[in-house]
Structure formats: C-alpha cells, structure tokens
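> One structure, as structure tokens, below. Some questions next.
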Amino acid sequence: MPTSFNLAAKLFNVVLIVQEFTLLCAQTVAGLVRPPWYLREIMLQLDRIGVGSLFIVMLTGLFTGMVLALQGAVQLEPYGATMYVSRLISESVVRELGPVLAALMIAGRVGTGIASEIASMQVTEQIDAFRAEGTDPIKKLATTRLAACLLMIPVLTVITNCIAILGGWLVARLYLAIDSYFYWTWAFEAIQMDDIVQGLVKPLIFGFIIAMVSCYAGFSTKGGTAGVGVSTTQSMVYSSILILASDFFITKFFMAFA
Amino acid sequence: MEPMIAFTDVRLTLGDRLILKDVSFEVQPGETRVVLGGSGSGKTTLLRLVLGLYRPDRGSILVAGQDITGLPERDLFQVRQQMAMVFQDAALFDSLSVRENVGYRLWEQGLLSDEEIEQKALESLKFVGLDDILDKMPAELSGGMRKRVGIARALASGAKTLLYDEPTAGLDPINTCLIGRLILRLKAMGVTQVVVTHDLETAYRVADRMILVVKGRLAFDGTPDELRRCERPEVRQFLDPGSLPSEWKPLPNRDDITGEPVSVSRRDS
Ligand SMILES: Nc1ncnc2c1ncn2[C@@H]1O[C@H](COP(=O)(O)OP(=O)(O)OP(=O)(O)O)[C@@H](O)[C@H]1O
Ligand SMILES: [Mg+2]
C-alpha cells in the first residue's frame, strides 16, 4: 500500500476522532442542563475524585513548595534577595505549578480510573445494558463525572496551592532562616487578582479535559480486555498532553489581556 | 392485529462485514418466537437491532407500529422501556448489588416507592430461584447465577416484550427447566417473547413460531412442527448434526497416536 494512502487514512481517522470527541463533549455538557441529574452518582464521584485524591495532591503540593524554596533561594541569592523567596513560590504555584501538577496527578489517578471503569463496562456490554434499560449512558456516566471534576478539581488545586506555600515556609524556616511574618506577608502580597482568576480558570479547563478525555477513551474502547488497557493508557497520555498544551494557551491568553 | 416487532428487508454491516441480509419476519403480540442459529450466525445482532442498539443500513424495523430505524437516540430510550433484554453474558451492572440491578429500571423511573421496588425485585429473584442473594455484588456470583439475575432484571422491569439471548446457556438441567417453565408462564400471561437459543429441547417446548438464522439470512420461518418436517438442507444440517459432511470424523484415540504425525482427513481422502 502506498504511504500517501496510509497517511491519508490516518489523517481521516484523526478527523473522525476529533469529530466524535466533540460530539461526546456536546452531549455531556447538554446533560448538565437537562434532567435527570443522577445526584447520587454525582455525590459518589465527588467523593471518589475529591476525597480520593486529597492525599496525593497534598503530597504533590508539599514537595513542590519545598523544592521551589530550595531552588528559588539559590536563584535569588546572587541578588541578595533570598528573603523574597515566598513571593516567587506563591506566584509560580498559584499561576502555574499548582494547577498543572494537581491536574497531572488527578489525570493519573482519577482520569485513568474513569477510563478503565467505562472501558470495562463497554467491553462487558454494561453500556448497552444501560441503553437497553432506557438510561442514557452519556448522562449517567459522562455528565456525572464531568460535573464532579468541574466541582472538585478547582478545590483540590486550591488545597495544593496552600500546601505548597506551606511547604515553602517549612524550608524557609528550617534551612533559609527567613522570618515567618516576612514569608507570609510576601506570599500574599505577590498574589494579584488576575493570578487568582487564572488559578481558577485553569483547573476548570483541566477538569473538563480530564473528564472528557477519560470518558471518550472509555466509551471508544474496542477489542475486549486488551482494549481496556489501551484506553486507560490513552486517557493518561492524551489528557496530560492536552493539559500542558492548553496551559500554554491559557497563559498566553491571560498575558494578552492582563 | 398489528405486529409487536416487524423486520422488513433488514440489512446490516458492521465494519466492512455484512452481518445480516434481507431479514424479514414478524412477531405478533403475545407470541413466543424462538430464534435458532449456529454460533456467529447473527442472532445476538438481531436482538440488538430490535432494541435500536444497532441501526440497519437498509430496511425497516417496527416496534409496536413505530419505525425505530430513523429515531434519534433520545426517543429510542422511550421505545426501549417497553422492552427488556437478557444479555448473553448477563451484562449486570458491576457497581450495583443484585437488588439494585434487578430493581434498576423501576428505580430510574421513580414511579414506585422503595418498598414496592424491593418487593418486585424479590419476586423476580424468586422466579429464578435466587431470593437469598439480594445483597451480593455481581462479581461474587457464578456464571449461571449472573445469568439468572439478568433474567430477573428483565422480569422486574414489567416490560410487555422480553428478549432473551441464550437464557439457558451455561445452566444446569434443573435451572434450564426452570427457565423454560418461566417462559411458558409469561407466555400464558400474554407477554411477547423473543428467545435466542441453541437448546432445541427448550425451543420446541416454548415456541409458537421459530426462525432459523444461517450466516445472516433467514433459512426458516414457521411453527415448530413445520421446522421438524422441513427438508431444506440448511435446516436439516442445523437440526441433526449427524448429517454433517463426512469430513467430520471423530478425533483419533490417544492410544492410536504413535510417533507418526496425525494426518487430518480431507474431503478427498
Ligand atoms: N461489533 C462487531 N463488529 C464486527 N463484527 C461483529 C461485531 N459483532 C458481531 N460481529 C460479527 O457478526 C456475526 C454475528 O454475531 P452475533 O453475535 O450476532 O452471533 P450469534 O449468532 O449471537 O452467535 P453466538 O451463538 O455465538 O452468540 C459474527 O460473525 C461476528 O463476528
Ligand atoms: Mg450471541
């Protein structure tokens, strides 16, 4: 088979996937505004996503803040500005590292969970059983998970941010001999309104990406149990890439309007 | 009387494979229709078409007089609620207990109180001899138990049309008999039933009419008596495997196998 043909087929495939993905997103979002809402399922997902990820995002935040303090101090030292390290920490955490690292951790823990759960329901015909029972599987599974992600991921991100700044303070106190009052004053001083907006818009968009990519990977599973593994991996890979890429564009967008 | 289910010249391809061609048949209200056919002939696909889980390329499928082939998914949910399906591998909801699985549709519809749903779930489970496992999860059940819970789920829905995909496959003789009796009992109650099965004994016992699917085509449509008398080679081949072509010889005994490689007999040998 000529390579040009292969390439065309591949491109066509990509177009098809984008189209399917967009359709799934539209249907899922439409489900948010039309009853039934499956509140019990949403509560269950909130618990799984929120409470379940709390520990890992806290650890992520803690070590990120601690290492930022160490590295930041090294960077600032030549200028004799080590005591302003909290400014560097809080700004970079609130704008970038908090949202991105929390989202990546959640994509690994929650996203893969969503993908593998829906994927195994797909290969064991449970999705079809939902349809046969007169239940819309997109509403029942995707919309509820999207709602839970949109609610929970911003909360988790704020927690990550707080713990990171706290981690920085630990290092500042223990190793850098920076005054606590000074640390916290500059930590808060550094955060502007548009940092907060950016720090909340990002997790919302990342939450959308994680939920939708994972649901799509799950629903589009083919090929039995082996397909479940493939979908799980895909959900992780594609949501991570989309998180990092969209982060760039969101940042760019905010810089243009700030 | 208007047929409950009517297929007219239905044709379906999945991927690039032609699965069903020119399938036409009707199921009258209250009729028990048995679908026979070899493995991979397209029986499950046929049931999925009735529910609108697949859309045919061509032809029409009427359910209670309504053409479902062009209906958007949202309207199909309404149509599907008139029916219930027992899936070949049960397809129980893994995250729900047996009780929640069986009462699922009633719960979703929200028309009955929790006690009434509980009552119905218990009743249907009694029908299949499993009223002592209400709080188990599907993963804790054996294959045959899962199958029977699947049947109970269909029963509890109160649907007037039931579709069974091999309800007796993998069940012991006692349970097979139980399911056979259950189908007869529902038939007496006027429920329309489509039963896909390999089990000829049950098939003859419960069927009003039968169809035989061979490689995606209907090879037979008629009453059990007509099927017994049918002389068409495709039908005979399915009914008595003894009439299979001569290449189908028994495998050699273990003792017969010497150092020589076993030669597989061909048609021309
Ligand atoms: N999703 C699919 N994509 C492509 N081909 C499929 C798909 N599902 C089923 N088929 C093919 O369609 C044919 C009919 O399948 P079907 O499941 O209806 O058979 P069946 O009669 O129910 O068999 P069995 O008695 O073994 O359950 C088979 O040859 C199968 O390979
Ligand atoms: Mg089948």
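> Could you check, for the range B:42-50, whether at least one of its residues is of a type in the set (S, T, N, Q) and closer than 25 Å to B:Asp9 by Cβ?
Within the range B:42-50 (the criterion being of a type in the set (S, T, N, Q) and closer than 25 Å to B:Asp9 by Cβ), the answer is yes, since at least one residue qualifies.
> Taking B:Gly150 and the conditions (1) within 13 Å of chain A (Cβ to nearest Cβ); (2) over 22 Å from the mean Cα position of the chain (by Cα), which numbered condition does it fall short on, given that it satisfies the others?
Going through the list (1) within 13 Å of chain A (Cβ to nearest Cβ); (2) over 22 Å from the mean Cα position of the chain (by Cα), B:Gly150 breaks only (2).
> Could you grab me the full set of residues in the range A:32-43 that are within 21 Å of the chain's Cα centre (by Cα) and more than 21 Å from B:Ser95 (Cα to Cα)?
The one that is within 21 Å of the chain's Cα centre (by Cα) and more than 21 Å from B:Ser95 (Cα to Cα): A:Leu32.
> How many of the residues making up the range B:154-176 are within 15 Å of ligand 1 (Cβ to nearest atom) and hydrophobic (A, V, I, L, M, F, W, C)?
Residues meeting the conditions: 2.
> Check the range B:130-141 and report whether any residue there is of a type outside the set (Ser, Thr, Tyr), surrounded by fewer than 16 Cβ atoms within 10 Å (Cβ to Cβ) and within 16 Å of ligand 1 (Cβ to nearest atom).
No, because not a single residue in the range B:130-141 is of a type outside the set (Ser, Thr, Tyr), surrounded by fewer than 16 Cβ atoms within 10 Å (Cβ to Cβ) and within 16 Å of ligand 1 (Cβ to nearest atom).
> Turning to a different aspect of this structure: Out of the range B:67-88, which residues are out of contact with any Lys or Arg (no Cβ under 8 Å at 6 or more places or on another chain) and within 16 Å of ligand 2 (Cβ to nearest atom)?
B:Met85, B:Phe87, B:Gln88
A quick yes/no check of all residues on (1) of a type outside the set (S, T, N, Q); (2) touching a residue at least 12 places away in the same chain (Cβ under 8 Å):
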position: B:Arg74; (1), (2): yes, no
position: B:Gln81; (1), (2): no, yes
position: B:Met85; (1), (2): yes, yes
position: B:Ala91; (1), (2): yes, yes
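> May I pose another question? Only one residue in B:Lys160, B:Lys147, B:Lys120, B:Lys126 is of a type in the set (Lys, Arg) and surrounded by 23 or more Cβ atoms within 10 Å (Cβ to Cβ). Which one?
On inspection, the qualifying residue turns out to be B:Lys147.
> Could I ask something else about it? Considering every residue within the range B:40-56, establish whether at least one is more than 16 Å from ligand 2 (Cβ to nearest atom), within 25 Å of B:Ala188 (Cα to Cα) and of a type in the set (A, V, I, L, M).
There is no residue in the range B:40-56 that is more than 16 Å from ligand 2 (Cβ to nearest atom), within 25 Å of B:Ala188 (Cα to Cα) and of a type in the set (A, V, I, L, M).
> Return the total of residues in the range B:106-129 being more than 23 Å from the chain's Cα centre (by Cα), more than 13 Å from chain A (Cβ to nearest Cβ) and in a loop (DSSP other than H, G, I, E, B).
Qualifying residue count for the region: 2.
> Let me ask something else about it. May I ask you to list pairs of residues, at least six apart or on different chains, whose Cβ atoms are under 8 Å apart, with the first in the range B:157-176 being under 15 Å from B:Thr197 (Cα atoms) and the second being away from ligand 2 (no atom under 16 Å from the Cβ) and in a strand (DSSP E or B)?
Once the first residue is under 15 Å from B:Thr197 (Cα atoms) and sits in the range B:157-176, its partners that are away from ligand 2 (no atom under 16 Å from the Cβ) and in a strand (DSSP E or B) give B:Leu162/B:Met83; B:Leu162/B:Ala84; B:Leu162/B:Thr192; B:Leu162/B:Gln193; B:Leu163/B:Met83; B:Leu163/B:Ala84; B:Leu163/B:Gln193; B:Tyr164/B:Gln193.
> Got a number for residues in the range B:195-211 being of a type in the set (Lys, Arg) and either at pLDDT 95 or above or within 11 Å of the chain's Cα centre (by Cα) (or both)?
Looking only at that region, the number is 1.
> Kindly state which strands (runs of 3 or more DSSP E) lie completely within the range B:1-105 and contain at least 2 residues that are more than 14 Å from every other protein chain (Cβ to nearest Cβ) and within 16 Å of ligand 1 (Cβ to nearest atom).
Working: elements: B:5-14, B:17-27, B:32-37, B:58-63, B:83-86.
Filter on the range B:1-105 gives B:5-14, B:17-27, B:32-37.
> Of everything in the range B:158-171 that's under 19 Å from B:Thr44 (Cα atoms) and within 14 Å of another protein chain (Cβ to nearest Cβ), which residue is farthest from ligand 2 (Cβ to nearest atom)?
Here the answer is B:Thr161.
> Return yes or no: is B:Ala64 in contact (Cβ under 8 Å) with a residue 40 or more places away in the chain and either within 21 Å of A:Gln27 (Cα to Cα) or within 16 Å of ligand 2 (Cβ to nearest atom) (or both)?
Spelling it out, it is not the case that B:Ala64 is in contact (Cβ under 8 Å) with a residue 40 or more places away in the chain and either within 21 Å of A:Gln27 (Cα to Cα) or within 16 Å of ligand 2 (Cβ to nearest atom) (or both).
> Can you work out which of the residues in the range A:95-129 that are touching a residue at least 60 places away in the same chain (Cβ under 8 Å) and of a type in the set (Ser, Thr, Tyr) is farthest from the other protein chains (Cβ to nearest Cβ)?
Filtering the range A:95-129 for residues that are touching a residue at least 60 places away in the same chain (Cβ under 8 Å) and of a type in the set (Ser, Thr, Tyr), the one farthest from the other protein chains (Cβ to nearest Cβ) comes out as A:Thr112.
> If you don't mind, another one. Would you mind finding the one in A:Ile159, A:Ile153, A:Ile196, A:Ile163 that is among the β-branched types (Val, Ile, Thr), within 20 Å of A:Arg109 (Cβ to Cβ), surrounded by fewer than 19 Cβ atoms within 10 Å (Cβ to Cβ) and in contact (Cβ under 8 Å) with a residue 24 or more places away in the chain?
When all the criteria are applied, what remains is A:Ile159.
> May I ask you to list the residues in the range B:133-171 that are touching a strand residue (DSSP E or B) at 6+ places or on another chain (Cβ under 7 Å) and not in a helix (DSSP H, G or I)? Before the answer, list the steps.
If we filter the range B:133-171 for residues that are touching a strand residue (DSSP E or B) at 6+ places or on another chain (Cβ under 7 Å), which is where we start, we get B:146-147, B:149-151, B:154, B:157, B:159-167.
Correct list: B:Ser157, B:Ala159, B:Lys160, B:Thr161, B:Leu162, B:Leu163, B:Tyr164, B:Asp165, B:Glu166, B:Pro167.
> Same structure again: Of the residues B:Val23, B:Val10, which is farther than 27 Å from B:Met189 by Cα, within 16 Å of ligand 2 (Cβ to nearest atom), touching a residue at least 12 places away in the same chain (Cβ under 8 Å) and touching an Asp or Glu at 6+ places or on another chain (Cβ under 8 Å)?
Unique residue meeting the criteria: B:Val23.
> For the range A:130-172, what are the residues that are assigned to a loop (DSSP other than H, G, I, E, B) and either away from chain B (no Cβ under 13 Å) or not charged (D, E, K, R) (or both)?
Result: A:Gly134, A:Thr135.
The values are calculated or read from the model by the stated rules, or taken from the named source; none is laboratory data. Computed from a predicted structure; not experimentally measured. Using ideal geometry, Cβ is built from the backbone for each residue, glycine included, and neighbour counts are taken over all protein chains shown.
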